[in-house]
Amino acid sequence: MTSHAAYALLAVPFLAVAVVVAVLAGVVSARRFRAAGRTPGPGRRATVVSAVVAGVVLLVMTIVFDNVIVTLRVVAYDPSLISGAKIGAIPVEDLAYSIGAVLLLPALWVLLDRSAPSAPTARPTSSAPEARPSAEGEPTP
């Protein structure tokens, strides 16, 4: 590829797959909730909030550390292959893989979850009366 923004074009298929998998995970999660007869509650909101916070932390750390390694010239980008938009010293397309990870990790967690759906459990009932031990230790009906 010798076109302008070649690095960004390399990231597009990866991000497209990440978005499709994330949407699929959302559909699967909603169906599991409906099948179990539950409605999304505060636990689900807490999960989403914690995923967003973790994603923001990952992106901030990526920006900081990628700027460090680019500034120290450990990594260099060919100026003719980047889009031109930068955050500090790094091109914005450098964040594509972190964004993909933020989308894919929780989505794969949902899709690969094989735990049994939690349905209300009823206590077993018996139609026969319980036998109680007598004074001698033998059960009496």
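The values are calculated or read from the model by the stated rules, or taken from the named source; none is laboratory data. What you see is a predicted model; the values in this text were computed from it and never measured. Because the Cβ atoms are built from the backbone with ideal geometry, glycine has one as well, and the counts that use them run over all protein chains shown. The protein model used for the area step is the full one, side chains on, heavy atoms only, and it has no ligands, DNA or RNA in it. Shrake-Rupley method; radii C 1.70, N 1.55, O 1.52, S 1.80 Å.
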Derived scalar couplings ³J(HN,Hα) [region 75-85; Karplus, 6.51 cos²θ - 1.76 cosθ + 1.60; whole Hz; x for Gly, Pro]: 10, 9, 10, 6, x, 7, 10, 9, 6, x, 6
With viscosity set to 0.890 mPa s at 25 °C, what whole-number translational diffusion coefficient in µm²/s follows for region 2-69 from Stokes-Einstein and a Kirkwood radius over Cα pairs? 162
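How much length is gained if the chain between residue 52 and residue 6 is pulled fully straight, taking 0.36 nm per residue apart and subtracting their Cα-Cα distance, in nm to one decimal?
13.7 nm
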Spelling out what I want: for every residue of region 15-24, take phi, set θ = phi - 60°, compute 6.51 cos²θ - 1.76 cosθ + 1.60 (Karplus), and round to whole Hz; glycine and proline get x. 5, 4, 5, 4, 5, 4, 5, 5, 5, 4
If you wrap a convex hull around the alpha carbons of region 28-107, what volume per residue comes out, as a whole number of Å³? 101
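Place a +1 charge on the Cβ of each Lys and Arg in region 39-95 and a -1 charge on the Cβ of each Asp and Glu, then give the dipole magnitude about the Cα centre in debye, rounded to the nearest 20.
So the dipole magnitude of region 39-95 works out to roughly 300 debye.
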Built amide H within the under 5 Å cut-off of residue 87, gap 5+: 92
Rounded to the nearest 20 debye, dipole of region 17-121 from Cβ charges on Lys, Arg, Asp, Glu: 680
At residue 17 and residue 30, where each label point lies 7 Å from the Cα along Cα→Cβ, what is the point-to-point distance in nanometres? 2.5
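Could you compute the net charge surrounding residue 74? Neighbours are other residues with a C-beta less than 15 Å from the C-beta of residue 74; K and R count +1, D and E count -1.
-1
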The answer for region 1-112, accessible area per residue at 1.4 Å probe in Å², is 65
Can you figure out the FRET efficiency of residue 59 with residue 39, using R₀ = 41 Å and their beta-carbon distance, to the nearest 0.05? 0.85
